[in-house]
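Data first, discussion second: the structure below is written as C-alpha cells.
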Amino acid sequence: MSLPSDPHARHDSAHGPAHDEHGGEHGPHVEAAHGSMRDYVTGFILSVILTAIPFWLVMDGVIADPGTTALVILGFAAAQIVVHMVYFLHMNPRSEGGWNILALIFTTVFVVIILAGSMWVMHHMNKNMMPMSPHEARIQP
C-alpha cells in the first residue's frame, strides 16, 4: 500500500467523496469564495495608482497648502483601504453572511471613538496645562 504524496489529501473512497476542511465537497463552489486572477490584477493596479498619485502630489508640491495635501492623502488612503478589502480580503455584504461587514463597522466605530476621545482629552489637557511664563509664575500665590 503506497502513501499519498500530499499528507492532507483524503481520497478514501470507502468514506465517500473527499471533503475540504469546512466539510464541503471539492468542486467549483470552493473556488467561488476566492477572487479570480483578474480581480487580483485589478486590485493591484488600483493599489499602485492610489499609491502613486499621493506620492506625486507630495514630491512635486502640487498642492501648496500642507493641510489640504494631508486631507487629500487621507482620502486616497481611505480609497486604498476599500480596494484592499474588496479585491484582496473579498469582503462584501454577502461574505460570511454579512458578519464580516458587521465586524468591520463595529471596529471602525470603536477606532473613531477611541481616536476622537484621545484627541479631545489631549486638546483639553494641552489647553488647561500649558506651561507658564516666568512672569506668570512670579504672580502665582
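Points to keep in mind about this one:
- Single match in Q140, Q80 (criterion: exposed (fewer than 10 other Cβ atoms within 10 Å of the Cβ) and not β-branched (V, I, T)): Q140
Each row is one residue, and each column tells you yes or no for (1) part of a helix (DSSP H, G or I); (2) at pLDDT 90 or above; (3) more than 14 Å from the chain's Cα centre (by Cα).
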| residue | (1), (2), (3) |
| --- | --- |
| L46 | yes, yes, yes |
| W56 | yes, yes, yes |
| G97 | yes, no, yes |
| I114 | yes, yes, yes |
| M122 | yes, yes, yes |
| N126 | yes, no, yes |
| M132 | no, no, yes |
| H135 | yes, no, yes |
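- Residues that are of a type outside the set (A, V, I, L, M) and more than 30 Å from D39 (Cα to Cα) do not occur anywhere in segment 87-99.
- Residue match in segment 104-114 (condition: closer than 25 Å to G43 by Cβ, open to solvent by less than 50 Å² (accessible area, probe 1.4 Å) and not acidic (D, E)): no
- The set of residues from segment 40-67 being of a type outside the set (A, V, I, L, M, F, W, C) and open to solvent by 60 Å² or more (accessible area, probe 1.4 Å) comprises Y40, T51, D60, D65, P66.
The values are calculated or read from the model by the stated rules, or taken from the named source; none is laboratory data. The structure presented is a predicted model; accordingly, all values stated were derived computationally and were not measured. When we count neighbours, we look across all protein chains shown, and the Cβ atoms used for this are built from the backbone with ideal geometry, even at glycine. The area values use the complete protein model at the heavy-atom level, side chains included, leaving out ligands, DNA and RNA. Shrake-Rupley method; radii C 1.70, N 1.55, O 1.52, S 1.80 Å.
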